[in-house]
Amino acid sequence: MTILLLVLLGAGNGYWYYLDWRDHSQDLPILAASQRYGVEPALVKAVVWRESRFNATARGSRGEIGLMQVLPKAAGRDWAAAEHAQLASAALLDPRTNAIVGAWYLERLLKRYAQTDRPMAYVLADYNAGRSNVLKWMQGAGATNSAVFLEQINFPSTHNYVVSVLRRYEHYRPIFPPKS
């Protein structure tokens, strides 16, 4: 019985080590992309956590690719045009490229919602559900008040997405402090 308990405890410790390794496995591409576009690394990492759980080869049901689940025909195309670069969809499986495109997109959204009290709530809703839905939820006080905005998100999956990424962002902030 004691040996079985020790084996189970050892397996449990291995699982926690794996989670810790996975959680830091993409730190270098995240930090580089964050620095390139001036986006808080904790935000990029929180999005990566929610979108792919740090799996660089993740693929979504609507064609999203990689760490940040970038849509090649939307964000990928827009990034390539803005940066005067060529971007093949397969390149989005490279963690560095994917993080760069995703951070660029987040930076663009942060500028779009800069007039709000807490832009990240709007940014994450847009990242998850798109601009047209965010415009529907930005009615009345929700146009600039993020608490009201969150209440007006009528897609439970998007509401949960925003809340979970914001929580994970707060978790990562001590690991990736904002720029001074």
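What to note about this one:
- Near-label residues of the range 150-164 by backbone N, under 15 Å of a point 7 Å along Cα→Cβ of Gln139: 150-155
- Net charge, Tyr37 excluded, C-beta distance under 9 Å - Lys, Arg +1, Asp, Glu -1: +1
- Solvent-accessible surface of the range 136-180, averaged per residue with a 1.4 angstrom probe and all protein chains in place: 59 square angstrom.
- Cα long-axis angle, helix 119-129 against the chain (0 to 90 degrees, to the nearest 10): 80
- Note on Lys111: aspartates and glutamates with a C-alpha under 18 Å away, same-chain residues under 8 apart excluded, are Glu40, Asp78, Glu83, Asp126.
- A simple rule links phi to the HN-Hα coupling: the Karplus curve 6.51 cos²θ - 1.76 cosθ + 1.60 with θ = phi - 60°, which for the range 38-53 gives x, 9, 4, x, 4, 5, 4, 5, 5, 5, 4, 4, 6, 6, 9, 6 Hz, with x for Gly and Pro.
- If the segment from Arg77 to Ser164 were pulled out straight at 0.36 nm per residue, it would be longer than the present Cα-Cα gap by 28.5 nm.
- Overall, the chain carries a charge dipole of about 260 debye about its Cα centre when +1 sits on the Cβ of Lys and Arg and -1 on the Cβ of Asp and Glu, all other atoms neutral.
- For Ile65, residues with placed amide H under 5 Å, excluding near neighbours: Gly60, Val70, Leu71
- Sulfur and carbon atoms: percent of accessible area, the range 28-180 [1.4 Å]: 53
- The residues of the range 53-104 expose on average 51 square angstrom of accessible surface per residue, using a 1.4 Å probe on protein heavy atoms.
The values are calculated or read from the model by the stated rules, or taken from the named source; none is laboratory data. Note that the structure is a prediction, hence the values are computed from the model and not measured. We place every Cβ from the backbone using ideal geometry, glycine too, and count neighbours over all the protein chains shown. Ligands, DNA and RNA are stripped out before the accessible areas are found, and what is left, the full protein with its side chains, is counted by its heavy atoms. Shrake-Rupley method; radii C 1.70, N 1.55, O 1.52, S 1.80 Å.
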